[in-house]
Amino acid sequence: MVTVTVCVGSSCHMKGSYQVIKTFQEIIKERGLEDKVALKASFCMGRCLDGISMQVDDEPISHVGFANASDIFYQYVLPKVEEE
Ligand code: FES
C-alpha cells in the first residue's frame, strides 16, 4: 500500500489542495487502485512556500499544483504502486 498525503493546511488549501485530492481520487478510481493507494489529508507540513505540499510514503514532494496533479501522480505515485 502506497500512502499519499496531501496538505490541506490553510496555505495549501488556498492553492487548491482539495482539487489535487479530487484529481488523485479520480485517477485512483479510474485505474482501480483503491486497494493499493491510501489517500490522506494532513495539516501544515511546514513547506508552505513550495506550492502544495504532499508526500508519497516518506518522500516529500513540493511544487504540486492543480495543473500538474495528474502528472505528479503518474510520476511519483504510480511507479511506487508498480514496485509493490
Ligand atoms: S499549509 Fe501546506 S505546507 Fe503549510
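Any read-out appearing in this document is the output of simple, stated calculations on the displayed coordinates, not a laboratory observation. Bear in mind the structure is a predicted one, so any value in this text is a computation, not a measurement. No Cβ is skipped: glycine too gets one built from the backbone with ideal geometry, and neighbour counts run over all protein chains shown.
Brief remarks follow.
- Under 5 Å from the amide H of THR3 lie the amide H atoms of ALA38, ASP57, each residue being 5 or more positions distant or on a separate chain, with H modelled from the backbone and absent for Pro and chain starts.
- Summarising the amide proton neighbourhood of ILE61: residues at separation of 5 or more, or on other chains, whose placed amide H is nearer than 5 Å comprise MET54, GLN55, VAL56.
- The angle separating the long axis of helix 17-30 from the principal Cα axis of greatest extent in the chain is about 10 degrees.
- Note, ³J(HN,Hα) from phi for the range 49-54, Karplus 6.51, -1.76, 1.60, rounded to Hz, x at Gly and Pro: 8, 9, x, 6, 8, 8
- Free-standing Cys residues across the chain, given no other cysteine C-beta under 4.7 angstrom: CYS44, CYS48
- Peptide packing: for 44-50, 20-26, the average count of neighbouring Cβ atoms within 10 Å per residue gives the ranking 20-26, 44-50, highest mean first.
- Across the range 35-41, computed HN-Hα scalar couplings (Karplus, 6.51 cos²θ - 1.76 cosθ + 1.60, θ = phi - 60°) run 8, 10, 10, 9, 9, 10, 10 Hz from first to last residue, x flagging Gly and Pro.
- Pairs of Lys residues in the chain are counted when their Cα atoms are under 18 angstrom apart and they lie 8 or more places apart or on different chains; the count is 7.
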